[in-house]
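The values are calculated or read from the model by the stated rules, or taken from the named source; none is laboratory data. What you see is a predicted model, and the numbers here were worked out from it, not measured in a lab. No Cβ is skipped: glycine too gets one built from the backbone with ideal geometry, and neighbour counts run over all protein chains shown.
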Amino acid sequence: MNFIRFVIGSFKIITTGRRSYFAWVIFLIILITWGAFGYAKQLTDGLIVTHMRDSVSWAFHIGNFTFLVGVAAASVMLVIPAYVYHWKPIKEITIFGELLAICAVVMCICFIIVDIGNPLRFWHMLPLVGTLNFPSSLLAWDFFVLISYFLLNLIIVVYLLYCHFYKREYKMSFVMPLVLLSIPLAIGIHTTTAFLFNALPARPFWNSALLAPRFLASAFCSGPAILLILFQILRKITKFEIKDEAIWRIAELMVYAMFIYLFFTVAELFKEFYSGTEHIIYWKYLLFGIGKNHEIVAYSWSSIIMGCIAFVLFLIPATRKNYITLNIGAVLIYGSVYIEKGIALIVPGFTPDTLGQIYVYTPSMVEIRTAVMIFSAGFLLFTFLTKIAIAIVFEDYSIKDLNPKKLKIQMPD
Amino acid sequence: MNNQDKPNSRRNFLKNVAIVAGGSIALSSCRSQAMKEFLQKNFRTLTKKEKNEIVKNLELKYSAKYGKEFHVSDETAADGIEFGYALDLSRCIGCRRCVYACVEENNQSRDPQIHWIQVLQMEKDKGIDFAHSDVHYNPELVPEEGHFYLPVQCQQCRNPQCTTVCPVKATWQEPDGIVVVDYNWCIGCRYCMAACPYGARHFNWAEPNVPAEEINPETHYLGNRPRIKGVVEKCTFCIQRVRKGKYPSCVEVCPVGARKFGNLLDPNSEIRYILENKRVLVLKQELNTQPRFYYFFGV
């Protein structure tokens, strides 16, 4: 089996490396273990060990899920500018963007699994054996698009790497339609996730038509931020060639996205605060707190301040083209969107609850440890996948390295 | 590749993995009963025969667990019945007897505490204003000066949001209007709780705990039978009682007669009298959920 040899080759890549690589892997494994022991408590005692309750019935995990859907969507959408502006390494950008998307989707699904009360009943959603509530439930849609997106990206990346591994030309007629399909699907997963919240008239904080556009705009800020840094690292340590202009262009596109995001948010705030209906209360809780309850005010303002600094750093050409300020900006915008999605999107939707009661939510230690477990596992997966991709794409690791003696018989045509 | 002669070949390895996996599944389920329950299908797709068997097994299981004879009914909705509820806001004194009668009748967990009915204390000069209401009022004596009380439970909407959003069809509306949950099918995603505008759905955050001496053994499969951790539950108008022609427990216990219940399709019912002769309102009318739970001012 050629494919098994490809898998064995990939396995060999991830089991060999420098000391710093193994230190990183071990560090992640320690974090995963630490998180897993926290999660184990949830498995035995139930979700009571989180700080979620009937009033705030979704919180940190769903926030992380939403953030990662954005990362998954935006990393593939980078293929569009790469294609439009004819950046030279479009294939590499596609591969690494999609690797990030795969890892993000895996983390998304993990966050859903740790959030549901009966993870073993997951099969109730599967076709034939289960009863998926399609097309009524937006959660069914989301499940469907996320799985499709995951499979599509997996097929593209594995196919490209597989061809590289066997030194074969890949078929453009096979890859191109899939890549083109993955772009609308990337927009699709984030729109569907936004609609998931948007669909609930019971929650006025989310029941705004601007929610989906704001989601997409914020994803365009955070997703490329990771790739921006990754590309710089790749450029240093491999043969990966990406011009400064391309990196600056990504930063420039991020500025547009940030501006659109800012504009949408201002429009939302204007409508809420000027009309001053009872729905304003959720925004008040988010930005100023209600009465004695100021628990998430610090989060929301730190997100706003980080976002604004990043916007200025990316907007001014001098700081955009300076790699130090550019990277500071990338980290800041990533942090800003993470807090915005992780805490500031979900919790105010539930505070006050539908009967006007305030339950104060901040994540519990178990929730934080569970999140650390999933993020570390995701990073580990991303480390492995990028290492395989780097070795195969840039370091010419191929079937020859796997078994030089049998080279002639094993080369497929 | 020549694996056959090696003792630790891949095939052997896979075989061992399968044995270990199968064994651990069997062990973790302890009895085949647990496995059967795990593989049980959505209640609405079961045949009458399958339902009978499941109900019989549940009765045995609960009887053994709580040490008394249990009845689990799977009685279906009768023709020509659509249940409706009306609550007299001018009579309610906020005593919360309905809350605790409901807890006892419907086997809600005592620790952690689950209440299907929330009684909101409102300020008289603000009208029905959730943002200024308080569910944790705790005076020596009710009613308190300047306040009125608004009990909220499942409104049994004609246009329920909760059933629409459920990803696995674990909750649905019965022909007599009661919205029910299949506790054996609910995956615990809590999307229905986000969708409900009335906070009527409650989640078993931990293993529910009801003392054996307090358990009510007269149960319905879709209602008050003992629940498990990680599933959603809600008011069913006491499905185990109303399908046998009795009043819901909250109606019976109310000391001031503020709670009225009946068949909306019966022109001579008390509920129809109220709809005809009193002016009624529903909560959050703008959301178009069209509740079967009405509020009115009797005096």
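Got a number for residues in region A:346-372 being within 18 Å of residue A:293 (Cβ to Cβ) and in a helix (DSSP H, G or I)?
Step one: of region A:346-372, the residues within 18 Å of residue A:293 (Cβ to Cβ) are A:346-364.
The next check asks that each one be in a helix (DSSP H, G or I); those that pass are A:346-350.
Of the residues in region A:346-372, 5 are within 18 Å of residue A:293 (Cβ to Cβ) and in a helix (DSSP H, G or I).
Among the residues in region A:49-69, are any of a type in the set (Asp, Glu) and closer than 30 Å to residue A:388 by Cβ?
The first filter runs over region A:49-69 and keeps only residues of a type in the set (Asp, Glu), leaving A:54.
Among the residues that remain, those that are also closer than 30 Å to residue A:388 by Cβ are: none.
Checked against the condition, which is being of a type in the set (Asp, Glu) and closer than 30 Å to residue A:388 by Cβ, region A:49-69 yields no hits at all.
Output yes when any residue across region A:226-236 is free of Cβ contacts under 8 Å to residues at least 60 places away in the same chain and among the β-branched types (Val, Ile, Thr), and no when none is.
The first filter runs over region A:226-236 and keeps only residues free of Cβ contacts under 8 Å to residues at least 60 places away in the same chain, leaving A:233, A:235-236.
With among the β-branched types (Val, Ile, Thr) added as a condition, the list becomes A:233.
Yes, that holds for at least one residue.
Residue by residue, here is whether (1) aliphatic (A, V, I, L, M); (2) buried (at least 19 other Cβ atoms within 10 Å of the Cβ) holds:
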position	(1), (2)
B:68	no, no
B:74	no, no
B:92	no, yes
B:97	no, no
B:119	yes, yes
B:131	yes, no
B:135	yes, no
B:138	no, no
B:153	no, yes
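What pairs can you find where one residue is in region A:82-111 and among the polar types (S, T, N, Q), the other is in a helix (DSSP H, G or I) and surrounded by fewer than 24 Cβ atoms within 10 Å (Cβ to Cβ), and their Cβ atoms are less than 6 Å apart, with a gap of 6+ or different chains?
As it stands, the answer is A:94/A:79, since those pairs meet every condition given.
Can you tell me which residues in region B:169-190 are closer than 12 Å to residue B:233 by Cβ and of a type in the set (Phe, Trp, Tyr)?
Within region B:169-190, just B:183 meets the criteria.
If you check A:270, A:263, A:311, A:259, which single one turns out to be farther than 30 Å from residue A:245 by Cα and either aromatic (Phe, Trp, Tyr) or at pLDDT below 95 (or both)?
On the way: A:263 fails: farther than 30 Å from residue A:245 by Cα; A:311 fails: farther than 30 Å from residue A:245 by Cα; A:259 fails: farther than 30 Å from residue A:245 by Cα.
Of A:270, A:263, A:311, A:259, the one residue that is farther than 30 Å from residue A:245 by Cα and either aromatic (Phe, Trp, Tyr) or at pLDDT below 95 (or both) is A:270.
Take region B:246-290 and flag every residue that is of a type in the set (Lys, Arg), farther than 30 Å from residue B:107 by Cβ and not in a helix (DSSP H, G or I).
Those that are of a type in the set (Lys, Arg), farther than 30 Å from residue B:107 by Cβ and not in a helix (DSSP H, G or I): B:278, B:279.
Just the residues that are more than 17 Å from residue B:185 (Cβ to Cβ) and within 22 Å of the chain's Cα centre (by Cα), please, taken from region B:38-59.
B:52, B:56, B:59 - these are the residues of region B:38-59 that are more than 17 Å from residue B:185 (Cβ to Cβ) and within 22 Å of the chain's Cα centre (by Cα).
Determine if region A:42-61 includes at least one residue that is closer than 30 Å to residue A:257 by Cβ and either in a helix (DSSP H, G or I) or free of Cβ contacts under 8 Å to residues at least 12 places away in the same chain (or both).
Looking through region A:42-61, at least one residue is closer than 30 Å to residue A:257 by Cβ and either in a helix (DSSP H, G or I) or free of Cβ contacts under 8 Å to residues at least 12 places away in the same chain (or both).
How many of the residues making up region B:41-56 are surrounded by fewer than 15 Cβ atoms within 10 Å (Cβ to Cβ) and not charged (D, E, K, R)?
Number satisfying all stated conditions: 3.
Return the residues of region A:167-182 that are surrounded by 18 or more Cβ atoms within 10 Å (Cβ to Cβ) and modelled with pLDDT of 90 or more; say none if nothing qualifies. It would help to see each step written out before you state the result.
Filtering region A:167-182 for residues surrounded by 18 or more Cβ atoms within 10 Å (Cβ to Cβ) gives A:179, A:182.
Selection gives A:182 alone.
Within 12 Å of chain B (Cβ to nearest Cβ), out of contact with any strand residue (DSSP E or B) (no Cβ under 6 Å at 6 or more places or on another chain) and basic (Lys, Arg): which single residue out of A:203, A:214 fits that description?
Being within 12 Å of chain B (Cβ to nearest Cβ), out of contact with any strand residue (DSSP E or B) (no Cβ under 6 Å at 6 or more places or on another chain) and basic (Lys, Arg) holds for just one of A:203, A:214, which is A:203.
Looking only at region A:70-92, how many residues end up being closer than 15 Å to residue A:385 by Cβ and surrounded by fewer than 24 Cβ atoms within 10 Å (Cβ to Cβ)? Walk me through how you get there before you give the answer.
So the first thing to find is which residues in region A:70-92 are closer than 15 Å to residue A:385 by Cβ, and the list is A:71-72, A:75-76, A:92.
If we keep only those that are surrounded by fewer than 24 Cβ atoms within 10 Å (Cβ to Cβ) as well, we get A:92.
The total comes to 1.
Is it true that residue B:211 is more than 9 Å from every other protein chain (Cβ to nearest Cβ), surrounded by fewer than 23 Cβ atoms within 10 Å (Cβ to Cβ), touching a residue at least 60 places away in the same chain (Cβ under 8 Å) and more than 25 Å from residue B:76 (Cβ to Cβ)?
Considered against the rule, which asks whether it is more than 9 Å from every other protein chain (Cβ to nearest Cβ), surrounded by fewer than 23 Cβ atoms within 10 Å (Cβ to Cβ), touching a residue at least 60 places away in the same chain (Cβ under 8 Å) and more than 25 Å from residue B:76 (Cβ to Cβ), residue B:211 comes out as yes.
Looking only at strands (runs of 3 or more DSSP E) that lie completely in region B:75-172, which have at least 1 residues being more than 26 Å from residue B:288 (Cβ to Cβ) and more than 14 Å from chain A (Cβ to nearest Cβ)?
In region B:75-172, the matching strands (runs of 3 or more DSSP E) lie at B:147-152.
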